[in-house]
Amino acid sequence: MKYLCLVYLDENRLSELPDEDCVAFDEGIRKSGHCIASEALQSVTSATTVRMRNGKMSITDGPFAETKEQLAGFYMIEARDLNEAIQLAAKIPPARVGSIEVRPIRPIRETVRETVAARAGAASK
């Protein structure tokens, strides 16, 4: 099952985490076969939030909401279950000074394909 591990931390504490620790973890989790994708993000000051309301686009500098911790990066991982995903997330270096949100991926593409195929099969009977 796929999980997204969202890395949150106060950007002011980023200097407490050596980049080498993060790269070493990243290389290890990739070699283990658990990591599908991972990236660190630029500072929250470079973020732009886009909203569509009543057909009109609104663009705002910065993140969606003011928080003490900002989204700093992510890992898309493959794990047997939530317990294994949590164990992997606990090893992500920023967990030492921030938090890691672990969320299952909703397989929307696969679900839609299955629904369309089922409808097509029912229509041909």
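Just so it is clear, none of the values below were taken in a lab; they were calculated from the coordinates. Because the structure is a prediction, the values reported are computed rather than measured. Backbone-built Cβ (ideal geometry, glycine too); neighbour counts: all protein chains shown.
Are there any helices in the chain, counted as whole DSSP H runs, that stretch 20 Å or more along their axis by Cα and score at least -0.5 on average by Kyte-Doolittle, and if so which? Write out the running numbers ahead of the final one.
Working: long enough: 108-123 (22 Å, -0.03).
Helix filter hits for the chain: 108-123.
Under a 5 Å amide H to amide H cut-off, with H placed in plane at 1.01 Å, what residues pair with Gln70 once short-range neighbours are removed?
Answer set, sorted by chain and number: Leu9, Asp10, Glu11.
Rounded to the nearest 500, what is the chain's calculated 222 nm mean residue ellipticity when only DSSP H runs of at least 4 contribute -39500 (n - 2.57) each, over all residues? Each step should come with its number before you reach the end.
Working: 3 runs with 37 residues, N = 125.
Value at 222 nm, helices only, nearest 500: -9500 deg cm²/dmol.
Around Gly98, with a cut-off of 11 angstrom between Cβ atoms, what is the net charge of the other residues, counting Lys and Arg +1 and Asp and Glu -1?
Numbers: positive: Arg13, Lys68, Arg96; negative: Asp10, Glu11, Glu16, Glu69, Glu101.
Computed value for this residue: -2.
For the chain, modelled as a Gaussian network with Cα springs under 10 Å, which listed residue fluctuates most, Ala95, Ala47, Ala85?
Judging by the Gaussian network model, the answer is Ala47.
Can you tell me how the chain classifies by the Cα gyration tensor, rounded, prolate or oblate, using a/c under 1.5 as the rounded cut? All intermediate terms of the calculation are to be shown ahead of the outcome.
Values: a/c = 3.01, a/b = 1.33, b/c = 2.27.
Oblate.
As an exercise, use a Förster radius of 25 Å and the Cβ-Cβ distance of Ile36 and Glu11 to find the FRET efficiency, rounded to the nearest 0.05. Present the calculation step by step, with values, prior to reporting the outcome.
Numbers: r = 26 Å, r/R0 = 1.02.
Working from the Cβ atoms, E equals 0.45.
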